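The values are calculated or read from the model by the stated rules, or taken from the named source; none is laboratory data. All figures in this text were calculated on a predicted structure; none of them were measured in a lab. In this analysis, Cβ positions are derived from the backbone assuming ideal geometry, glycine residues included, and neighbour counts consider all displayed protein chains. In case anyone asks, the SASA skips ligands and DNA or RNA and just uses the protein heavy atoms, side chains included. Shrake-Rupley method; radii C 1.70, N 1.55, O 1.52, S 1.80 Å.
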Amino acid sequence: YPQPGWVEHDANEIWSGVRDCVTEVCRSGAVDPSSVCGIGITNQRETVVAWDRRTGEPLAPAIVWQDRRTASRCVELREEGTEEETRRITGLRYDPYFSATKMEWLMRSGDLAGVAGGNLAFGTIDSWLTFKLTGGAFVTDASNASRTLLFDLRDGDWSDTQLARFGIPRGSLPEVVDSSGVVAASDAGVLDGISVPVAGMGGDQQCALFGQACTSPGMSKNTYGTGSFVLVNTGTTVPDGGDELLSTVAWRLAGETTFALEGSIFVTGAAIQWLRDRLGLIDDAAETGPIAESVPDSAGVVFVPAFAGLGAPHWDPYARGGVFGLANGATRAHLVRAVLESMTYQTRDVVDAMATALGEGPSELRVDGGAAVMDLLCQVQSDQLGIPVLRPVNTETTALGAAFLAGLATGQWSSLDEIGRTWTAESRFEPSSDRLAADAAFARWQNALGRVRAFGEG
């Protein structure tokens, strides 16, 4: 975090971590390396790495999806009156969340000077890892490409209009491939003697949708990670997200694209990290559930975790976090519970917008991610939405989705139906019949939300 609103990664550190992790697993005796049939990669989607294809070295720190440094540039683009065209082409809106303004910023920063022609590479983390794993394959899958503001959803390739708008050379971008399919073999020289196909790639949220076996139109999931991301499968139809939601590629299999409607929430699990690392109110994230359950409600405390602005359905990069409703009786437990409840209110905001966009809401919500292990979170979420919330046996569905994509390409699974039969619910949470209480709590959240909008703009 070199400046307020800036978030960066060391791309070499990410590569080293992946390589060391694979090596450790294969040397542990838990798996026979010769039995590995393929590699699946899932990743933070909008994070951008720039590197030199000759040396394989990064040219600047990777700019993370949470980074807000291009917020003013997005305002400029919006004022040019081109956002509607961009939304029609890409399914996205002008927001610093997406990759293109990050690439443009890097092009203008001077860090890329001297790297020209076909040597400059821009990629999301899947591209970076595939390049390093294979010794030079330069590809990305359609789901990751659809998060850049540069990809034409209907044509299935990079958009000349968008490339010109941001000044991004086509040659600096990877080839767009299917989400499931062999692209190259890992280089045994860089991966501890292992040479197996890189056979699946997908953005983290699309992989979670796939790992939740939401392979039919209308099925939906929410992942509670650093942020939260609600996706609903819309089949082969490109959905209209309007001003509030995003249209995105879910996956592309054998050349056929499945689309999804998405609501991106920037801060959920990151608020628990804030409680732990910044305030010291908890020692471990696992304490969140028990502490929140120790009180019957938040005693009127409402928390809005707009640390990185607000994502869907509000899209306000200038909003900032706030705590409201504090009184003398408020305790640590009430604030912790308010943080937990804020995750469910943000999700309801998105699901309500989806119901409006699609004409009907989901009949159930499948949940995953670290925070989904908390029964209280799942129950409050069900109460807020008024539909069942289902938690699977395996809540690490992002990794599972990457495995499914790689396994489809290498014959470990034969069909989507076979994958669907592997999904099993561990718990089912039914909504409370007291809708008045749920709606009153949500109204308090909406009140607080209005007070943080555009807080940092001036």
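Can you tell me the dipole magnitude for the chain around its Cα centre, using point charges on the Cβ only (Lys, Arg +1; Asp, Glu -1), in Debye to the nearest 20?
For this selection, approximately 500 debye.
Just to confirm a number: summing +1 for Lys and Arg and -1 for Asp and Glu over residues other than VAL373 whose beta-carbon lies under 11 angstrom from that of VAL373, what do you get?
Residues close to VAL373 contribute a combined charge of -3.
Around PRO33, with a cut-off of 9 angstrom between Cβ atoms, what is the net charge of the other residues, counting Lys and Arg +1 and Asp and Glu -1?
Working: positive: ARG27; negative: ASP32, ASP192.
Taking every other residue near PRO33 into account, the sum is -1.
Quick one, can you get me the convex hull of the C-alpha atoms of the stretch 1-134 expressed as volume per residue in Å³?
Working: hull volume 19.2 nm³, N = 134.
That works out to 143 Å³ per residue.
Using only the Cα atoms of the stretch 241-377, build the gyration tensor, take square roots of its eigenvalues as a ≥ b ≥ c, and label the shape rounded, prolate or oblate: rounded if a/c is under 1.5, else prolate if a/b is larger than b/c, else oblate.
prolate
With a 1.4 Å probe and all protein chains left in place, how much of the accessible area of the chain comes from carbon and sulfur atoms, in whole percent?
On the way: 8590 of 17680 Å².
Carbon and sulfur together cover 49 percent of it.
Counting only protein chains, not ligands or nucleic acids, how are TYR318, TYR97, TYR1 ordered by accessible area (probe 1.4 Å), most first? Before the final figure, lay out the partial values.
Numbers: TYR318 50, TYR97 0, TYR1 185 Å².
Ranked list, largest accessible area first: TYR1, TYR318, TYR97.
Counting only helical runs of four or more DSSP H residues, what would the 222 nm mean residue ellipticity of the chain come to if each run contributes -39,500 (n - 2.57) and the total is spread over all its residues?
Estimated from H runs of four or more residues: -10500 deg cm²/dmol.
Ignoring ligands, DNA and RNA, what accessible area per residue does the chain give at 1.4 Å, in Å²?
Here the per-residue accessible area is 39 Å².
Farthest toward the dipole's positive end in the chain, which of THR161, VAL452, SER35, given Cβ charges of +1 (Lys, Arg) and -1 (Asp, Glu) about the Cα centre?
Most positive-ward Cα: VAL452.
For the stretch 155-264, just say rounded, prolate or oblate: build the C-alpha gyration tensor, square-root its eigenvalues into a ≥ b ≥ c, call rounded for a/c under 1.5, and beyond that prolate if a/b exceeds b/c, oblate if not.
Verdict is oblate for the stretch 155-264.
Mind pulling up the Rg/Rh value for the stretch 87-159? Radius of gyration and Kirkwood radius, both on Cα.
0.98
Hey, what do the phi angles of the stretch 93-106 turn into as Karplus ³J(HN,Hα) couplings, whole Hz, using 6.51/-1.76/1.60 and θ = phi - 60°, x for Gly and Pro?
Values per residue, Gly and Pro as x: 10, 7, 8, x, 4, 8, 6, 4, 5, 5, 4, 4, 4, 5 Hz.
Based on the mean of other beta carbon atoms within 10 Å per residue, what is the order of 23-29, 340-346, 171-177, most packed first?
Per-residue Cβ counts within 10 Å, averaged per peptide and sorted highest first, yield 340-346, 171-177, 23-29.
Net charge within 11 Å of LEU209 by Cβ-Cβ distance, Lys/Arg positive one each and Asp/Glu negative one each, not counting LEU209 itself?
-1
Could you rank the peptides 407-418, 72-83 by their average count of other C-beta atoms within 10 Å per residue, with the highest value first?
Descending packing order for the listed peptides: 407-418, 72-83.
Using only the alpha-carbon atoms of the stretch 366-442 as identical scatterers, what base-10 log of I(q)/I(0) does the Debye formula give at q = 0.18, 0.22 Å⁻¹?
Each listed q corresponds, in turn, to -0.76, -0.94.
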